[in-house]
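Take a look at the structure below.
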């Protein structure tokens, strides 16, 4: 169980998940909690890479990144990225309405924008 953030309902205009949802085993619960603390019409921002890009990065390029090198294997519940279809499902399941998806960093990463409606 993720737990409840120590904030009132409808507290924030924006909640961001920057390159972290793959490390949160209870992703759906985390997104539902984001929905709870967002004000009506609040904006969810989440960046996420695909499993293929994640595996490529961590196995080939990440070996020279001290942060990635020290981590070793994935922890229980972590995943090698999330597909755009799975991100859309997670966002929708949490109660958000997808607004837009923008690709960046040569199309290798994604920014998902969704509203609490």
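None of the figures in this text is laboratory data; all of them are computed from the coordinates on show. The shown structure was predicted, so the numbers you read here are calculated from the model rather than taken from an experiment. Please note: Cβ atoms are built from the backbone with ideal geometry, for glycine as well, and neighbour counts cover all protein chains shown.
Distance between the C-alpha centers of segment 24-56 and segment 87-103? Whole Å please.
A separation of 9 Å, based on Cα centres.
Can you tell me the orientation of helix 84-93 relative to the chain, as the angle in degrees between its alpha-carbon axis and the longest Cα principal axis, to the nearest 10?
Between helix and principal axis, roughly 30 degrees.
Report the antiparallel proportion of the DSSP beta bridges in the chain as a percent, rounded to a multiple of 5. Numbers along the way, then the final one.
On the way: 15 of 21 bridges.
Approximately 70 percent, going by the DSSP bridge assignments.
Among 47, 93, which comes first, then next, by fewest other beta-carbon atoms within 10 Å?
Working: 47 17, 93 12.
By the 10 Å Cβ count, ascending: 93, 47.
Translational diffusion coefficient, Stokes-Einstein: compute it for the chain using the Kirkwood radius over C-alpha pairs as Rh, at 25 °C and 0.890 mPa s, and state it as an integer in µm² s⁻¹.
On the way: Rh = 15.0 Å.
D, rounded to a whole number, is 164 µm²/s.
Counting other beta carbons within 10 Å of each residue's own, what order do 75, 33 fall into, fewest first? All intermediate terms of the calculation are to be shown ahead of the outcome.
Numbers: 75 9, 33 18.
With the fewest neighbours first, 75, 33 line up as 75, 33.
Stretched out fully, how many nm does the piece from residue 23 to residue 4 gain, at 0.36 nm a residue minus the Cα gap? Please list the in-between numbers first.
Numbers: separation 19, 0.36 × 19 = 6.84 nm, distance 1.79 nm.
Difference between extended and current length: 5.0 nm.
Per-residue ellipticity at 222 nm for the chain, helices alone: DSSP H runs ≥ 4 residues times -39500 (n - 2.57), over residue total, nearest 500 deg cm²/dmol?
Values: 4 runs with 33 residues, N = 117.
The per-residue figure over the chain is -7500 deg cm²/dmol.
If neighbour count is taken as other Cβ atoms inside 10 Å, put 12, 106 in order from fewest to most. Present the calculation step by step, with values, prior to reporting the outcome.
On the way: 12 16, 106 6.
Placing the least packed residue first, the sequence is 106, 12.
Can you give the angle from 0 to 90° between the axis of helix 27-37 and the longest principal axis of the chain, with both taken from C-alpha atoms, to the nearest 10?
Between the helix axis and the principal axis of the chain, the angle is about 40 degrees.
If I take every Cα pair under 8 Å that is 6 or more residues apart in segment 12-116, average their sequence separation and divide by the length, what percent do I get for the relative contact order?
Numbers: 167 pairs, mean separation 38.2, N = 105.
Here the relative contact order equals 36 percent.
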